[in-house]
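Peer 1: Below: one structure in structure tokens.
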Amino acid sequence: MSTMEWLSDPRVAPLALLVALVALLAALLALGQRKALVALRSEQGRLKKELALLHSGAVGMGQRILAMEQRTQADPGLADDGDMSRPYSEATHLLSLGLDRDEVASRCGLSRAEASLLDALRKKPTA
């Protein structure tokens, strides 16, 4: 049977159509998966940046806490002084009023990472 005879066989046409539809469906699924993968990679990149920002803020806050502890141990009278926590209290208040993180960081003398961390902690639901 030659190729032309095989293609003109009425029994082959439905099968060829089915194969073509399956191939088309597979191609559409692959395209959809590719789009989903691109979206997931984009979200992963965004989350990595946010995590790095939060980590940086946590490190900055940790350094400030250590410095406060060292000062408090050197002079116990400082323990009653609330001036050290004032920038954080003020930043939290300004964030609750809806100010931008960059603006809060600038006004309170904090890094952007610290302002972002305070904002994230403020927004975190309490359990």
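The values are calculated or read from the model by the stated rules, or taken from the named source; none is laboratory data. In this text the structure is predicted, and so the values were computed from the model without any measurement. Every residue, glycine as well, gets a Cβ built from its backbone with ideal geometry; the counts of neighbours run over all protein chains shown.
Peer 1: May I ask you to say which residue of Leu94, Leu99 is of a type in the set (A, V, I, L, M, F, W, C), modelled with pLDDT of 85 or more and assigned to a loop (DSSP other than H, G, I, E, B)?
Peer 2: Leu99
Peer 1: Further question: What about Pro10, is it more than 30 Å from Asp119 (Cα to Cα), of a type outside the set (Val, Ile, Thr), part of a helix (DSSP H, G or I) and without any contact (Cβ under 8 Å) to a residue 12 or more places away in the chain?
Peer 2: Answer is no for this residue.
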